[in-house]
Amino acid sequence: MFEFLQNKINDTIIISDQEFEHAKTFFMPKKLRRKRFLLQEGDPCVYTCFVEKGLLRSFRIDDKGNEHILQFGMQGWWVADLYSFLTGEASEYNIEALEDSELLLITKPSWDQLLSELPVLERYFRILIQNNLIATQNRLMRNMTITAEQRYTNLLSEFPGISQRVPQHMIASYIGVTRETLSRLRSQISHQ
């Protein structure tokens, strides 16, 4: 189960087999069935998780009952409410499995100990957090400056096959449009 995580880490940094064997002891494997929650709004985020298999989504529901998807967590991605995970404060987000998923979970105390004992992984997580910040800033700027059609086509090119794995209303939520707008966009694109 841990081979995929080791490969993903080695895509970013070099970790020895011995270091990785030690790192594995900090993680808890978990299977999460479709439509089950890893995190619910109001609870503290006690885990950050690596998605070995499956698909998750991080979202919140506003005061009007509208859903806003922050992230889809696919195989090979890390998913958490980082603010809540690091501070212990209540989360404003929900994390739900969209497919039956296999996860590797680590708690904050275990994460701190892992980073202390294996500085190579501190570098790995620093790089991940930096990349996440850059991706978040780019997504925010794109959402302010490009059309809904461009946001939709970008999503399809960045995540091939997502339209077969995720309901259309969730795709609409992720790109910040209504279902009706997404339906019109899909129709326009198919006629081009």
Task: Pairs, first more than 13 Å from residue 118 (Cβ to Cβ) in the stretch 1-22, second among the hydroxyl-bearing types (Ser, Thr, Tyr) and surrounded by 10 or more Cβ atoms within 10 Å (Cβ to Cβ), C-beta under 7 Å, six or more apart - done: 12/124
Open item on the list: Considering only residues that are in contact with a strand residue (DSSP E or B) (Cβ under 9 Å, 6 or more places away or on another chain) and under 20 Å from residue 116 (Cβ atoms), which ones fall in the stretch 25-58?
Closed with: 26, 27, 28, 46, 47, 48, 50
Task: Counted residues, the stretch 38-53 - those being in contact (Cβ under 8 Å) with a residue 60 or more places away in the chain and not β-branched (Val, Ile, Thr) - done: 2
Task: Tally, over the stretch 43-53, of residues that are part of a loop (DSSP other than H, G, I, E, B) and in contact with a Phe, Trp or Tyr (Cβ under 7 Å, 6 or more places away or on another chain) - done: 1
Open item on the list: Every residue in the stretch 170-192 that is in contact (Cβ under 8 Å) with a residue 12 or more places away in the chain, in a helix (DSSP H, G or I) and out of contact with any His (no Cβ under 7 Å at 6 or more places or on another chain), please.
Closed with: 170, 171, 174, 175, 181, 182, 183, 185, 186, 188, 189
Open item on the list: For the stretch 54-168, give me every one of the strands (runs of 3 or more DSSP E) that falls completely inside it and has 3 or more residues that are touching a residue at least 60 places away in the same chain (Cβ under 8 Å) and surrounded by 15 or more Cβ atoms within 10 Å (Cβ to Cβ).
Closed with: 55-61, 67-74, 101-107
Open item on the list: Given the criteria surrounded by fewer than 14 Cβ atoms within 10 Å (Cβ to Cβ) and not charged (D, E, K, R), does residue 42 qualify?
Closed with: yes
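None of the figures in this text is laboratory data; all of them are computed from the coordinates on show. None of the values given here were measured: they were computed from a predicted structure. Positions of Cβ are backbone-derived with ideal geometry, glycine not excepted, and every protein chain shown enters the neighbour counts.
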